[in-house]
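A.B. asks: The structure is given below, and queries will be raised subsequently.
Please treat every number below as a calculation from the coordinates, not as lab data. It should be emphasised that the depicted structure is a prediction, and the values quoted were computed from it without experimental measurement. Using ideal geometry, Cβ is built from the backbone for each residue, glycine included, and neighbour counts are taken over all protein chains shown.
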Amino acid sequence: MKILVPVKQIASLDDQFEMRDDGRDVDEDYLEKDLNEFDHFSVEEALLIKEAAGDGVEVVVAIIGDDDSDDALRTALAKGADRGIRVWDDSLAEADGTSVARILAKVVEREKPDMVFTGAQSSDFGSATTGMALAGLLGWPHAAVVSNLEYKPGASSAKLRRELEGGLEEIMTIRCPAVLSIQLGINQPRYASLRGIKQAKQKPVDELSLDDLGLGASDVEPAFHVRKMYAPERGKAELITGSAAEQAARLAQIIKEIRGM
Amino acid sequence: MSEIIVIALQRDGELRASSLEAVTAARSVKQAGDTLGVVIVAANPQALAGALSVEGVDEVIAVKATDEFQPDLIEAVVTALVKERKPSLIVTPHGVDAWSFAPAAAIKNGLGFATDVLALRREGGELVATRAGYAEKVLMDIDFPGKATVLLTNRTNVFEPAAGQGSAKVTEMAAPAADVATKHEGWKQPADAGGIDIPGSEFILSIGRGVADESNVEQFLELADKMGATLGCSRPIADNGWLPKARQVGQSGQLAASCRLYVAMGVSGSVQHQWGMKHVENIVAVNTDPEASIFSIARYGIVGDMFEIASELENHF
């Protein structure tokens, strides 16, 4: 029994940043990379199922990214995933969630997992696209923003809750295999142990090209094109300066004025 | 001349208010000769048709099926509409339901696609959408070259809900066959608020990740009490169980609906949090990071340590 967990390496911006010469993205030098916050929860959910089953569950993590993204993959392996798959091709520089989904569909064909867990969204672009697009391609049952899951490995259905607006949750059953996008707070993600980090370096990672998956650059065209990227015009807060005591005094004054105290 | 379609959504038979925001988004790029249709899938869609017949809507497409949310069914409806009507644009609100069906519907039909769109316009006839990136620190203008149909989800609470009496004709559409893989089993209501009333509070003191440890939470409860504020929080604080969910402000928590003064301490201001509070007239942000996005919506800002400010503030009340 196998659970596939596609993860993403996200980029956050330094405090100061500059745009690339073509104005369509931020200059690479100003990006800091990390494993997507949501993916800590999807990896954890797979590991919890693996551990509860005792034996016979394999957790495979997959990432679409260049050499750099190996770090994010190893982070997931260090937590306890069994092995990794990394797919890259330079033609993927402008890939979006639908491009990644098309690649993952081929990975699913190859790996034949019983379940696929993704993060509900990425913490950099927040498109919330990859997982459900993958389900669409596969024709698999799917649910987004899953906040609770009861699933026994190999079962033909799972019971889950999806988190809706305003704290309401819907309880539903879903046919399996399925693609589920996992919400923050569904579990308490573990940190990798030192031993885990050491072991992660030795775990097998399949490095694949688009060609290996039978895909060409034209198969993974994104569903939108970026004309330009720019820093938004920001509203400017009136800054309250001075010592902490002075700042607090001014804040107290503001509160009292607005509250009519 | 082309057709624009809005996918309106209901929950348990009640129209999602954000459906009318999607109508506004769609209307903003409607060109002379375009028609605007709104599709609604429900057990009794006719009952919702009136509310959807607002100014600018030419047709309400009523699909009689079920009130249960079934992504497979909505995707089949989208596929049928794309096939039969070849719309140039489809818009639906970026709520949790759209997260389930929109990406699947888009990729199955080879549509141009973007989510969480903040603004829409035409440039020389071309559709251009704006969305945010890198955790809201940049905006991007995007287009969809070569795509006959584009599916967009519009960020909620950004577009004004469409109003004004319309005179849409109501068309019935047979529910298409769909291999439905999910079954509704019930609702889980949010835990009892225990008297905590974020939507009703005029003054909210809110804490975020900056509070760092559960043992630090108590002093902010006390400070809020002393100042006559309700203590709110951002998602990570509620997820950690440091404060009950009823105190969480944001998209998956509460809307600070009556708030006139919002003091955010150690809150970075994620889009989900901002959803619940950015409309507040007086926002004060206290954060050590001068680049935190909360400052971009605040009226007053203090770049500083929330603990120092909090303990000094206490002396004034």
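A.B. asks: For residue B:188 and residue A:243, what is the calculated FRET efficiency with R₀ set at 41 Å and r taken between the beta-carbons, to the nearest 0.05? Walk me through the numbers on the way to the answer.
C.D. replies: On the way: r = 48 Å, r/R0 = 1.17.
After rounding to 0.05, the efficiency reads 0.30.
A.B. asks: I've got another one for you. Could you pull out every residue, at least 5 positions away or on a different chain, whose amide H is within less than 5 Å of the one on residue A:125? Hs are placed 1.01 Å off N in the peptide plane, and Pro or chain starts have none.
C.D. replies: Counting only residues 5 or more places away or on other chains, the set is B:134, B:135.
A.B. asks: Oh, and also: Using a Gaussian network model of chain B whose springs link C-alpha atoms within less than 10 Å, name the residue from B:217, B:170, B:23 with the highest mean-square fluctuation.
C.D. replies: Maximum among the listed residues: B:217.
A.B. asks: Okay, next question. Just to be sure I understand: of the beta bridges DSSP finds with both ends in the protein assembly as shown, what percent are antiparallel, rounded to 5?
C.D. replies: On the way: 41 of 116 bridges.
Percentage antiparallel, nearest 5: 35.
A.B. asks: Same structure again: Positive end of the dipole of chain B, charges at C-beta (+1 Lys, Arg; -1 Asp, Glu), about the Cα centre: which of B:92, B:17, B:310 has its Cα farthest in that direction?
C.D. replies: With unit charges placed on the Cβ atoms, the residue in question is B:92.
A.B. asks: Let me ask something else about it. What is the dipole size for segment A:2-220, taken about its Cα centre, with +1 at each Lys and Arg Cβ and -1 at each Asp and Glu Cβ, in debye to the nearest 20?
C.D. replies: My answer is approximately 1560 debye.
A.B. asks: With the cut-off at 22 Å, tell me which of the pairs B:64/B:188; B:30/B:86; A:106/A:159; A:8/B:86; A:228/B:137 have Cα atoms farther apart than that.
C.D. replies: Over 22 Å Cα-Cα: B:64/B:188; A:106/A:159; A:8/B:86.
A.B. asks: For chain A, modelled as a Gaussian network with Cα springs under 10 Å, which listed residue fluctuates most, A:127, A:181, A:218?
C.D. replies: In the Gaussian network model the winner is A:218.
A.B. asks: Something else about it: Out of all DSSP beta bridges in segment B:99-207, what portion is antiparallel? Express it as a percent rounded to 5.
C.D. replies: Roughly 70 percent of the beta bridges in segment B:99-207 run antiparallel, per DSSP.
A.B. asks: What's the extension gain from residue B:315 to residue B:35 if we count 0.36 nm per residue and subtract their Cα-Cα distance?
C.D. replies: 94.6 nm
A.B. asks: Tell me, in nm to one decimal, what length is gained between residue B:219 and residue B:12 on full extension, where the rule is 0.36 nm per residue of separation less the Cα-Cα distance?
C.D. replies: 70.4 nm
A.B. asks: Which one of B:47, B:106, B:159 has its Cα pushed farthest toward the positive end of the charge dipole of segment B:3-173, where Lys and Arg give +1 and Asp and Glu give -1 at the Cβ?
C.D. replies: Looking along the dipole axis, the top candidate is B:106.
A.B. asks: What shape does segment A:2-220 take by its C-alpha gyration tensor, where a ≥ b ≥ c are the square roots of the eigenvalues and a/c under 1.5 counts as rounded, a/b above b/c as prolate, and the rest as oblate?
C.D. replies: Values: a/c = 1.40, a/b = 1.36, b/c = 1.04.
Since a/c stays below 1.5, the shape of segment A:2-220 is classed as rounded.
A.B. asks: Looking only at chain A, where both bridge partners belong to it, what percent of the DSSP beta bridges are antiparallel (to the nearest 5)?
C.D. replies: 40
A.B. asks: For chain A, modelled as a Gaussian network with Cα springs under 10 Å, which listed residue fluctuates most, A:21, A:96, A:82?
C.D. replies: A:21
A.B. asks: Ordered by residue, what ³J(HN,Hα) values in Hz, to whole numbers, does segment B:275-289 give under the Karplus form 6.51 cos²θ - 1.76 cosθ + 1.60, where θ = phi - 60° and Gly and Pro are x?
C.D. replies: 3, x, 8, 5, 6, 5, 5, 10, 10, 10, 10, 10, 7, 6, 8
A.B. asks: Test of understanding: ordering B:173, B:227 by Cβ neighbours within 10 Å, fewest first, what list do you get?
C.D. replies: Working: B:173 19, B:227 22.
Exposure proxy ranking, most exposed first: B:173, B:227.
A.B. asks: Still on this model: Taking the alpha-carbon centroid of each part, what is the distance from segment A:45-110 to segment A:154-186 in angstrom?
C.D. replies: What the calculation gives is 21 Å, centre to centre.
A.B. asks: First check a/c for segment B:3-173, with a ≥ b ≥ c the square roots of the eigenvalues of its C-alpha gyration tensor; if it is under 1.5, answer rounded, and if not, answer prolate when a/b is larger than b/c or oblate otherwise.
C.D. replies: The shape class here is rounded.
A.B. asks: While we're looking at this one, here's another question. What are the residues whose amide H is under 5 Å from the amide H of residue A:20, where those residues sit 5 or more places off or on another chain and H is modelled from the backbone?
C.D. replies: A:25, A:26, A:27
A.B. asks: Pull up the cross-link candidates among the aspartates and glutamates for residue B:108, meaning alpha carbon to alpha carbon under 15 Å and not fewer than 8 places away within one chain.
C.D. replies: Reachable aspartates and glutamates: A:219, A:221, B:72, B:75, B:179.
A.B. asks: Which shape class applies to chain B: rounded if a/c is under 1.5, otherwise prolate when a/b exceeds b/c and oblate if not, where a ≥ b ≥ c are the square roots of the Cα gyration tensor eigenvalues?
C.D. replies: Here chain B falls in the prolate category.
A.B. asks: Another question, then. What ranking of B:113, B:220, B:317 emerges when the number of other C-beta atoms within 10 Å of each C-beta is taken as an exposure proxy, fewest first?
C.D. replies: Starting with the residue having the fewest Cβ neighbours, the order is B:317, B:220, B:113.
A.B. asks: Between residue B:212 and residue A:51, what FRET efficiency comes out of the Förster formula 1/(1 + (r/R0)^6) with R0 = 25 Å and r the beta carbon distance, rounded to 0.05?
C.D. replies: Plugging the Cβ-Cβ distance into 1/(1 + (r/R0)^6) gives 0.25.
A.B. asks: Determine, from the Cβ-Cβ distance of residue B:85 and residue B:43 and an R0 of 25 Å, the FRET efficiency 1/(1 + (r/R0)^6), rounded to the nearest 0.05.
C.D. replies: Between residue B:85 and residue B:43 the formula returns 0.55.
A.B. asks: Pulled fully out, how much extra length does the chain show between residue A:58 and residue A:175, if you take 0.36 nm times their separation in residues and subtract their Cα-Cα distance? Spell out each step's value before the answer.
C.D. replies: Details: separation 117, 0.36 × 117 = 42.12 nm, distance 2.04 nm.
Length gained, residue A:58 through residue A:175: 40.1 nm.
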